[in-house]
Structure formats: structure tokens, C-alpha cells
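Report on the structure given below.
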Amino acid sequence: MESLEKDILDSEGGEIVYATNVVRIDPYQQSTSLVQGAPDVGAIDHGWVVQAHSEGEEPYAVLARNLINSSGLSSTLVLNAFLPQEKRIPMYYARGSYASYHGPGVSSVKHLIYPCPHTGPNAHAFESLGTHLTLDLQGKIRFGPDIEWIDPPASDIKGNEEDSDFWTKLLVPDESRLHDMHQAVRNYLPGVAFDGLQPDYVGIRPKLIPPGGGFQDFSIRSHYPDVDAARERRGAMVSLLGIESPGLTSTLAIAEMVVEDVLRLEA
Ligand SMILES: Cc1cc2nc3c(=O)[nH]c(=O)nc-3n(C[C@H](O)[C@H](O)[C@H](O)COP(=O)(O)OP(=O)(O)OC[C@H]3O[C@@H](n4cnc5c(N)ncnc54)[C@H](O)[C@@H]3O)c2cc1C
């Protein structure tokens, strides 16, 4: 990460802004009157006005010719805010918990263990990799992630205080999942003891399909500020949607694809 950060900072005009929320995105064509606070637009005739807010500072706007929306759980919200109702993309959320383990039944373990996928009726082969065994860099054992579908508040993922409280609470590991995780693990390591499991870590997957919806790969979609720009492929906003596991492992490959295969087609 430090190396990538350095590459950006060393590049011409490269800048990284931390702790800043994008609060609104609007398509821009040169004829559009600018949102207050947007900079002089120079040569850009199609693009996106991005309004952002850093804590304790005045909101501001930037104009981008191209925009890459890689906002994870919020990625469809950013998009849906300007898409017409019939083109909006639904998102579903699946919590994944890990439990650390210290106890009997694992003395012969030397590497990661993945359970065979469930493929019967109501099975989750496409929903998660199953509660597998992972080893951290110190060689400690962790089981997970399991899968638990969640219903976010109807309003907005980053909406009011109540909503953010909902997400914060969900990210706190708790004991509610341990029993089911123990059952899942005993299918491939029968000697694992319940008492050795401790809640450890939680994450939330951005899902493009609901429970039982089958397989959905990563989705990389381009949107354009207007029909002319779309025809001429100018001013693309590229959205990375449903980037769940192995999204982290695939980060550099996805970035390469966005730059080489999607943005390269720009006029
Ligand atoms: C439990 C679990 C286990 C996983 N295990 C693995 C694994 O073993 N291997 C693997 O390869 N992958 C794994 N993944 C998947 C991996 O974490 C994701 O694929 C990856 O993080 C997706 O990257 P992203 O950049 O698309 O989204 P994120 O990592 O979610 O990053 C999005 C960023 O955008 C920010 N953001 C959101 N909205 C806004 C806004 N309005 N303004 C500004 N910033 C905003 C967020 O704060 C966040 O920092 C796992 C995921 C989970 C949930």
C-alpha cells in the first residue's frame, strides 16, 4: 500500500485525500451550469461533478473527466442517486464473522482448509466459500467467514445517525454465530471444541443478488454523463460493484482491467 501511495504522490498532479466523504455526484456536460464551488473546468466537456466533505471543513466540489466508483458497500448508492428508478441497481448485504480458535483437534493443520461447497437445495455454494480455516501470519487459526444476510435500514447506508449506528453495531464481533460456526467446522474437523472458539472479526459483503439468487461475478459497469458522451465513450464513470471475496486478492488485476480495458476505449 505504501508503494502504491508513493506512486500516486510521485505522479504528475497526483493527490490523495483521506477522511473525506463523497456526498453527491452529478453528470456534467459543458452546457450544464456548474454546481456552486466547482473549479474552472478548462478543457473538460463531459465528466462528473463530485461533491465532497471532510470533517470540520466546508464542502467542496471537483470536476472529473473520469471517475472510478470503488466505494464498496456504498457503490450502488452513489450510482442510484442519479440513475432513473428503472435502472437502479439493488444491493444486498451479507455479514461474515470469524472466530479465533485455540484448542484440540487441529494439531495436524499446516495450511488453509476449505469445506466442500454445498450444492443441494437451499445450499450456499454461490453465497460464500463456507466457514473455512485460515492461518494468520503468526500461524494462529481462525475460522470463517460464515454468512448471515442482513436488512439495512430502508433509508440509506450512510444516512442518518441511527443508520450508521446500525452498521457500527453489526461490525462488532459477538458470540451469536459461534454455535453455527462450530457445527460447520465439525463437518471437516470433528475434534474442534466449542470452548476454544472466540468471536474475532466481522466484515460485510456487498451482494448484487439476494439469498438463493445463484452466482454473480464482480460487475464492472460504465456510465456516461449523457447519450452523446456514451456514443463517443467520453467521460466514463466506472463502477466496481459486488466486489466481494476474492476482491482484495484481485485488486491490482481489477485496477489494470479498468485502466487498460475500460478507460483505454475513451475517445
Ligand atoms: C468477511 C470478509 C472476508 C473477506 N475475505 C477476503 C479474502 O480472504 N480474500 C480476498 O481477496 N478478499 C476478501 N474479502 C473481500 C474484500 O474485502 C473486498 O473484495 C474488497 O475489500 C473490496 O474492495 P473495494 O475497494 O471494492 O471496497 P472496500 O474495501 O469496501 O472499500 C470501499 C471504500 O470506500 C469508502 N467509501 C464508501 N462510501 C464512500 C463515500 N461516499 N465517500 C468516500 N468514501 C466512501 C469506504 O469507507 C471504504 O474505505 C472479504 C470480505 C469480507 C466481508
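Scan 74, 107 and give me the residue that is out of contact with any helix residue (DSSP H, G or I) (no Cβ under 8 Å at 6 or more places or on another chain), part of a loop (DSSP other than H, G, I, E, B) and at pLDDT below 95. Matching residue, one of 74, 107: 107. Is it the case that residue 97 is within 28 Å of residue 74 (Cβ to Cβ), part of a helix (DSSP H, G or I) and at pLDDT 85 or above? It is false that residue 97 is within 28 Å of residue 74 (Cβ to Cβ), part of a helix (DSSP H, G or I) and at pLDDT 85 or above.
So, residue 126, is that one farther than 16 Å from residue 211 by Cα, within 16 Å of the ligand (Cβ to nearest atom), not acidic (Asp, Glu) and not assigned by TED's automatic domain parsing to the domain that holds residue 247 or not?
no
If the condition is being more than 16 Å from the ligand (Cβ to nearest atom) and assigned to a loop (DSSP other than H, G, I, E, B), then the range 190-208 contributes 190, 191, 192, 193.
Just to be sure I understand, how many residues within the range 65-95 are touching a residue at least 60 places away in the same chain (Cβ under 8 Å) and either exposed (fewer than 15 other Cβ atoms within 10 Å of the Cβ) or closer than 21 Å to residue 233 by Cα (or both)? Break it down into steps so the answer makes sense when it comes.
Residues of the range 65-95 that are touching a residue at least 60 places away in the same chain (Cβ under 8 Å), as a first pass: 65-70, 72-79, 83, 89-95.
From what's left, either exposed (fewer than 15 other Cβ atoms within 10 Å of the Cβ) or closer than 21 Å to residue 233 by Cα (or both): 65-70, 78-79, 83, 90.
Residues that pass the stated criteria total 10.
Being out of contact with any strand residue (DSSP E or B) (no Cβ under 9 Å at 6 or more places or on another chain) and under 30 Å from residue 80 (Cα atoms) narrows it down to one of 194, 215, so name that one. Break it down into steps so the answer makes sense when it comes.
On the way: 194 fails: under 30 Å from residue 80 (Cα atoms).
Just one listed residue meets the conditions, 215.
When residue 104 is tested against (1) farther than 25 Å from residue 207 by Cα; (2) surrounded by 14 or more Cβ atoms within 10 Å (Cβ to Cβ), just one condition goes unmet, and that condition is (2). The set of residues from the range 161-175 being modelled with pLDDT of 95 or more and assigned to a helix (DSSP H, G or I) comprises just one member, 175. On the given criteria, is residue 215 of a type outside the set (Gly, Ala, Ser) and surrounded by 15 or more Cβ atoms within 10 Å (Cβ to Cβ)? Here the answer is no, as residue 215 does not meet what is asked. Pairs are defined by a Cβ separation below 8 Å, a sequence spacing of at least 6 or placement on different chains, a first member in the range 247-267 that is within 24 Å of residue 73 (Cα to Cα), and a second member that is outside any loop (DSSP other than H, G, I, E, B) and within 11 Å of the ligand (Cβ to nearest atom); the pairs so defined are 247/254; 254/220; 254/240; 257/220; 258/68; 258/220; 258/240; 262/220.
Taking the range 220-264, which residues are of a type in the set (Ser, Thr, Tyr) and assigned to a loop (DSSP other than H, G, I, E, B)? Break it down stepwise before answering.
As a first pass, look at the range 220-264 and keep what is of a type in the set (Ser, Thr, Tyr): 222, 224, 239, 245, 249-251.
Result: 224, 245, 249, 250.
Scanning the range 219-254 for residues that are surrounded by fewer than 16 Cβ atoms within 10 Å (Cβ to Cβ), more than 10 Å from the ligand (Cβ to nearest atom) and under 21 Å from the mean Cα position of the chain (by Cα) yields 219, 221, 252, 253.
The values are calculated or read from the model by the stated rules, or taken from the named source; none is laboratory data. Computed from a prediction, not measured in an experiment: that's the story for all the values here. Note that we place each Cβ from the backbone using ideal geometry, even for glycine, and neighbour counts take in every protein chain shown.
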